[in-house]
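Below you'll find the structure, written out as structure tokens, and then a few comments.
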């Protein structure tokens, strides 16, 4: 599998599992129709209709595309990390029990870990 070439900052977050600063990501306050894909390998991760404003400073989704996201215990022992199921890219963390949507789940994702593909365009 070929991966996209990442910038140093993208590597820090996607491979090094760091977190971008809140309210700075490209997709935090972004609500176009389309699909969010993994920046590293291009796997479709989230549809725009699952995105919601959680007010947390990062893009939030209450549902992933089936089979696209893997959940793992975070190294801090308290949170659950989410990764791309195909390439293992760090996406962010998932939280449950906050009652922000009817699904009661929030995928808190780094904008830098994704590429948005507008509705009707192909994922290259």
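The values are calculated or read from the model by the stated rules, or taken from the named source; none is laboratory data. The structure displayed is predicted, hence computed values, not measured ones. Neighbour counts are summed over all protein chains in view; Cβ atoms, including those assigned to glycine, are modelled from backbone coordinates with ideal geometry.
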Looking at the stretch 98-108, can you tell me whether even one residue there is under 17 Å from the mean Cα position of the chain (by Cα), modelled with pLDDT under 95 and closer than 21 Å to residue 24 by Cβ?
no
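Scanning for something assigned to a loop (DSSP other than H, G, I, E, B) and within 20 Å of residue 103 (Cβ to Cβ), does the stretch 5-24 turn up at least one residue?
Of the residues in the stretch 5-24, the ones assigned to a loop (DSSP other than H, G, I, E, B) are 5-7, 15-24.
After this cut, where a residue has to be within 20 Å of residue 103 (Cβ to Cβ) as well, the list is none.
Looking through the stretch 5-24, none of the residues is assigned to a loop (DSSP other than H, G, I, E, B) and within 20 Å of residue 103 (Cβ to Cβ).
For the stretch 29-61, which positions are out of contact with any strand residue (DSSP E or B) (no Cβ under 8 Å at 6 or more places or on another chain) and either at positive phi or modelled with pLDDT of 95 or more (or both)? Talk me through it step by step, then tell me what you get.
To start, the set of residues in the stretch 29-61 that are out of contact with any strand residue (DSSP E or B) (no Cβ under 8 Å at 6 or more places or on another chain) comprises 29, 49, 55, 57.
Passing the criteria: 49, 55, 57.
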Answer with yes or no whether residue 46 is surrounded by 13 or more Cβ atoms within 10 Å (Cβ to Cβ), under 20 Å from residue 119 (Cα atoms) and either in contact (Cβ under 8 Å) with a residue 12 or more places away in the chain or in contact with a helix residue (DSSP H, G or I) (Cβ under 6 Å, 6 or more places away or on another chain) (or both).
yes
Which of the residues that make up the stretch 4-18 are surrounded by 16 or more Cβ atoms within 10 Å (Cβ to Cβ) and without any contact (Cβ under 8 Å) to a residue 12 or more places away in the chain?
12
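For residues in the stretch 38-73 being assigned to a loop (DSSP other than H, G, I, E, B) and closer than 17 Å to residue 122 by Cβ, which is nearest to the chain's Cα centre (by Cα)? It would help to see each step written out before you state the result.
Of all residues in the stretch 38-73, those assigned to a loop (DSSP other than H, G, I, E, B) come to 39-43, 53-59, 62-68.
Of the ones still in play, those that are also closer than 17 Å to residue 122 by Cβ are 39, 41-43, 65.
Values: 39: 9, 41: 13, 42: 12, 43: 11, 65: 11 Å.
Applying the filter and picking the extreme gives 39.
Can you tell me which residue is nearest to residue 23 (Cα to Cα) among those in the stretch 81-111 that are in a loop (DSSP other than H, G, I, E, B) and touching a helix residue (DSSP H, G or I) at 6+ places or on another chain (Cβ under 7 Å)?
110
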Which listed residue is within 24 Å of residue 32 (Cα to Cα) and modelled with pLDDT of 95 or more, from 64, 81:
64
